[in-house]
Amino acid sequence: MILEGAIPSKSGRLTLTPPSESDDASVAALRCHPGTRRFLRFFPESYSASDARARRLAREADTTLIDFHIHTLRPPEGESTFAGTTGIFNIDTVYGQTCEVGILVHPAYFRGGLATDALYTVLAYVFHERKFHRAEFQTGADNVAMRGWLEKAGATLEGTKRSVWTDPTTGGYTDVCFYSILEDEWKQSVRGVLEARMNRIS
């Protein structure tokens, strides 16, 4: 599903924008970048702008997901630069108000607080705009950085599933950790933790 407008971040450092054709080449480069595939080894080694366009168009009518592109804003002109993708998917409003959250940040923006800013913006949308009760996350058991981010933010590790994601390069599999944040946890603690982090970065 495509939202009509962009969502600005609380910090003003970035905007979450609807996917557009102008970003197809950047999305393609991100999805096959070695830094992306380090923990998402099932992603293809080669991915073209045409592949990105086909994926974007196929997802536009899917009401179980909302994709965003992360665009950084550079003052004073507010120049916008593609920096990654995020969004929510596996939206369930039948059996529960739940969704899964995902993010891909270009390695050039690692360790600069961009992921925190983007995920804060997504979670604010999830819990305040959509009124969801639960947000879920999946990450490879070997992705220590992402697991650390989730745990320090206050997400709860619910378990680890063995041999879930394929690794075409080795023929093996990756264990996957499952985390969640509930609406009350977001309001009572997680939101404040992430705001404190963003204040330290700005």
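The values are calculated or read from the model by the stated rules, or taken from the named source; none is laboratory data. As the structure is a prediction and not an experimental result, all values here were calculated from the model. So basically every Cβ, Gly included, is an ideal-geometry build from the backbone, and we count neighbours across all protein chains shown.
Observations on the structure shown:
- Here Lys161 clears all of (1) surrounded by 17 or more Cβ atoms within 10 Å (Cβ to Cβ); (2) of a type in the set (D, E, K, R); (3) in a strand (DSSP E or B) except the condition numbered (1).
- From Ala52, Ala83, residue being out of contact with any Pro (no Cβ under 7 Å at 6 or more places or on another chain), surrounded by 16 or more Cβ atoms within 10 Å (Cβ to Cβ) and under 17 Å from Tyr109 (Cβ atoms): Ala83
- Residue match in region 165-183 (condition: in a helix (DSSP H, G or I) and farther than 21 Å from Gly12 by Cβ): yes
- Members of region 9-49 that are farther than 18 Å from Tyr109 by Cα and not in a loop (DSSP other than H, G, I, E, B): Glu21, Ser22, Asp24, Ala49
- Selection within region 86-140: residues that are in contact with a strand residue (DSSP E or B) (Cβ under 7 Å, 6 or more places away or on another chain), among the hydroxyl-bearing types (Ser, Thr, Tyr) and in a helix (DSSP H, G or I). The member of this set that is nearest to Leu150 (Cα to Cα) is Thr121.
- The set of residues in region 56-78 that are assigned to a helix (DSSP H, G or I) and either within 16 Å of Glu4 (Cα to Cα) or in contact (Cβ under 8 Å) with a residue 12 or more places away in the chain (or both) comprises Arg56, Leu57, Arg59.
- Answer residue from region 9-24, given it is touching a Phe, Trp or Tyr at 6+ places or on another chain (Cβ under 9 Å), surrounded by fewer than 20 Cβ atoms within 10 Å (Cβ to Cβ) and of a type in the set (Gly, Ala, Ser) and is modelled with the lowest pLDDT among those: Ser11
- Annotation note: of Ala25, Ala83, the sole residue that is touching a residue at least 24 places away in the same chain (Cβ under 8 Å) and more than 13 Å from the chain's Cα centre (by Cα) is Ala25.
- On the stretch given as region 128-148, residues that are of a type in the set (Phe, Trp, Tyr) and more than 26 Å from Phe43 (Cβ to Cβ) total 1.
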